[in-house]
Every structure is written in C-alpha cells, then in structure tokens.
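Before any comments, here is the structure.
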Amino acid sequence: MRTPYFPLENDDYFLAAIEKELQTQLALIKAKRRDYGSSLGFHGVKGLMPRIADKFFRLDNLVWGDHVPQFESAIDTARDSSIYNSCAVIGLQYEQNQVQTQSNVVTTQALREGVRIWNPDRDAEP
C-alpha cells in the first residue's frame, strides 16, 4: 500500500482542511473587495482567463523554480487562483442561467404568438 504524499485520503482531515481553507478564502475575498472594490464582473468569464493563466504560471514557477519570492508565496498564489476559479464557476453558472432565461423568454413569446416549438421527444427532425 502506498503512503500518501499528504493526508488528503483521510476524509476527516481533508474535509476539515477544505472547510478551513474555504473560510480563509472567503475572508480574503471580502478584505480585497473592501480594499480594491470589484472589477471581476466587467469582462465575464473571458476576462478571468488571463488572471487564471497568470496565477497558474506563477504557481508553476514558484513550485518548480529555485527563486524564493519576496512578495507573494506559493500558498498566496494558489489561494488567489482558487478564488479566480470560483469566480469562473459563478460566472459560468450565471451565463448559463442567462441563456436558459433568454431561451424561456423566446419560447414563451413564441407560444403566445401560436408558434409551435419543435420538441425532439415529440417531433421528427425538422
């Protein structure tokens, strides 16, 4: 049996560590929003992609490189990356909901106008 590199296979430890880290990230994002405001929503998920990529490559350099950082540790970088990824999930969910909402509006309008909507379970291919 192999020995884990760190104890993420122990459910009690893992879940407690995840909960603690998520609380830390929540406190961090609240503090940053107080200090800097929020610009994350202006460009949507596509606007987050360069930030996520920057954090990924910075983390890669910090983990594999020989340089000891003076300002942002590997933990800080990983934490920021996690927050950006969470923002991407929220943004994708929002965009998906917007598309679904728009689709529902179009469908509702079409039904009001008496247009028959194609249903793949009921109708043959158009």
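The values are calculated or read from the model by the stated rules, or taken from the named source; none is laboratory data. Since this is a predicted model, take the numbers as computed values, not measurements. No Cβ is skipped: glycine too gets one built from the backbone with ideal geometry, and neighbour counts run over all protein chains shown.
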Worksheet item: Would you call A53 more than 16 Å from the chain's Cα centre (by Cα) and of a type in the set (A, V, I, L, M, F, W, C)?
Response: no
Worksheet entry | Members of segment 23-56 that are closer than 17 Å to D76 by Cα, of a type in the set (A, V, I, L, M, F, W, C) and surrounded by 11 or more Cβ atoms within 10 Å (Cβ to Cβ) | L26, L28, I29, I52, A53, F56
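One line per residue, one yes/no per condition, for (1) assigned by TED's automatic domain parsing to the domain that holds Q93; (2) outside any helix (DSSP H, G or I); (3) under 30 Å from Q98 (Cβ atoms):
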| site | (1), (2), (3) |
| --- | --- |
| R34 | no, no, yes |
| V45 | yes, no, yes |
| F57 | yes, no, no |
| R79 | yes, no, yes |
Worksheet item: Within segment 57-90, how many residues turn out to be in contact with a Leu (Cβ under 7 Å, 6 or more places away or on another chain) and not hydrophobic (A, V, I, L, M, F, W, C)?
Response: 5
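Determine, yes or no, whether R51 is of a type in the set (D, E, K, R) and touching a helix residue (DSSP H, G or I) at 6+ places or on another chain (Cβ under 6 Å). Explain how you work it out, then say what you get.
On the way: of a type in the set (D, E, K, R): yes; touching a helix residue (DSSP H, G or I) at 6+ places or on another chain (Cβ under 6 Å): yes.
Yes; evaluated as a whole, the condition is true for this residue.
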